[in-house]
1. Please quote Rg/Rh for the range A:86-150 to two decimal places, taking the Kirkwood radius as Rh and restricting both calculations to Cα atoms.
2. Quick one: which of B:82-90, A:21-29 comes out on top by average Cβ neighbours within 10 Å, and what's the full order, highest first?
3. What does the average come to when, for each residue of peptide B:7-18, you count the partner chain Cβ atoms lying within 10 Å of its Cβ?
4. Full-extension gain between B:Gln22 and B:Leu114, please, as 0.36 nm times their residue separation minus the C-alpha to C-alpha distance.
5. Considering only DSSP beta bridges with both partners in the protein assembly as shown, what is the antiparallel share in %, to the nearest 5?
6. How big is the Cα convex hull of the protein assembly as shown in projection, averaged over all directions, in nm²?
7. Quick check: residue separation of A:His122 and A:Glu138 times 0.36 nm, minus the Cα distance between them. What number comes out in nm?
8. Have a look at chain A and give its Rg and Dmax from the Cα atoms, expressed in angstrom.
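Throughout, read-outs are computed from the coordinates displayed, never taken from laboratory work. Worth saying up front: this structure is predicted, and the values here are computed from it rather than measured. Positions of Cβ are generated from backbone atoms using ideal geometry, with glycine treated the same way; all protein chains shown enter the neighbour counts.
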Amino acid sequence: MNPFMHSTMDVMQTMCFVEPKMQKPFLRDPSQPATGYVSGIMGVVGELTGTIALSFEKGAAVKLVSNFLSMDISEVDDDVADAVGELTNMVSGAAKKIFSDQDIKFNIAIPTVVSGENHTIHHVKELPCIVLPFEIPEGKFFVEASFKTK
Amino acid sequence: MKILVVDDSSTMRRIIVNTLNQIGQSDIVQAGDGKEALTKTDGVDLILTDWNMPEMDGLTFVKTFRGKDKKTPIVMITTEAAKEDIVEAIKTGVNDYIVKPFTPEVIKEKIGKLVK
């Protein structure tokens, strides 16, 4: 999970100007509702196959996207959804680069975004879902990885 | 100078356009994917394009555009940062490459050189 930790920190520092604190990783049952209010999900195919997701609590999403766009945002709207998709793309892409440097190659798809209380993130069935929680003062966000090696 | 910005994310287009405005560039047209971009290349002096997009991805757009125009500079701005990806993009006709995440300074530096 180190590539995801590094890619998340890199993207959040460079594009959102925050230093999130990482908390203890945990396993999540993906049949249960997502941990955040708005989530970006991306498919992965290659030597790793599965899904990567970023799920944001409302407060974290609003703060991070406000910083990302350099404008004040007060609610989770279409701008936030688009930005969450782009942040998911960047974190996945930066992780892909780290894996690639270790000769683990895969392709990433175009992210989709879902939002609302108790939405579900559909990872590949029967694969474990590892969650890296991060925290900023305005709320938490979660990086989820669920995949298998070829 | 007329600049075409191609990205399926309105967020990224907004960030790139704001950065271009900061270096004095205001004649900017936008497209949400490669297919739309091909309809907006007339009179363009510089193209900034994403790679992963629906309908037509950035690499296909570059290949198609290079079939009729070998000179207009193209900069790929993308998360695709593996060495083989960069080599493939350059072989296809991309002149320079910016990896996401990026700081505004990187865009200003790379684009600043091309718009002089």
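1. Values: Rg = 13.5 Å, Rh = 13.9 Å.
With Rg and the Kirkwood Rh in hand, the quotient comes to 0.97.
2. Details: B:82-90: 15.1, A:21-29: 12.0.
So the order, starting with the most tightly packed, is B:82-90, A:21-29.
3. On the way: counts 1, 6, 9, 7, 13, 8, 1, 7, 6, 0, 0, 3.
Partner Cβ neighbours, averaged per residue: 5.
4. Working: separation 92, 0.36 × 92 = 33.12 nm, distance 1.52 nm.
Result for the pair: 31.6 nm of gain on full extension.
5. Working: 35 of 50 bridges.
About 70 percent, rounded to the nearest 5.
6. On the way: hull surface 54.6 nm².
Spelled out: convex hull of the Cα atoms, projected over all directions, averaged, 13.7 nm².
7. Working: separation 16, 0.36 × 16 = 5.76 nm, distance 2.63 nm.
Between A:His122 and A:Glu138, full extension yields 3.1 nm more.
8. 14.1, 44
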